[in-house]
Amino acid sequence: MSTPDVFNTKMDLAVVGKHVIIECKGQHATLSEYDLRTLMINAASEGGATIVGCHFHTFGIQQGVTGVVLLAESHITVHTWPESLYAAFDIFMCGRCDPQAAAEVICNKFPNDLTNMHSLDRSAPLESSHLRLKHT
């Protein structure tokens, strides 16, 4: 079975926000729900965002945490796997907010830990675009 070829025609995009993904190997994954909430609130503040709510859930003693800081300008989320020393953060902000500044707060919490940061523009087509799959 062959894989489909993807053709994208006429994509003019208007950026509506910035999305930063942070992957951490180390101590971020062992932070408590309280410490993650505090870190993410500080990150949101440094990024110039307006916090409208927070919700976190701990899966049990020495187990992972998932959480979201809801922003007027979008969100910051986290998922941790302490057994793998892995934490995944997601920052999406629009308007005049600075998700890069927010990401630096998170990364600088443990400067000696391994972190990878990926940033992308979030955008919508300005014109109608067409995505076709060609099966061969």
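The values are calculated or read from the model by the stated rules, or taken from the named source; none is laboratory data. Because the structure is predicted, anything quoted here is derived from the model rather than measured. As a convention, Cβ positions derive from the backbone with ideal geometry for all residues, glycine included, and neighbour counts pool all protein chains shown.
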field: Restricting segment 26-74 to residues that are of a type in the set (Ser, Thr, Tyr) and under 16 Å from the mean Cα position of the chain (by Cα), the residue that is surrounded by the fewest Cβ atoms within 10 Å (Cβ to Cβ)
entry: SER45
statement: For strands (runs of 3 or more DSSP E) lying entirely in segment 38-136, having 2 or more residues that are at pLDDT below 95 picks out 114-125, 130-134
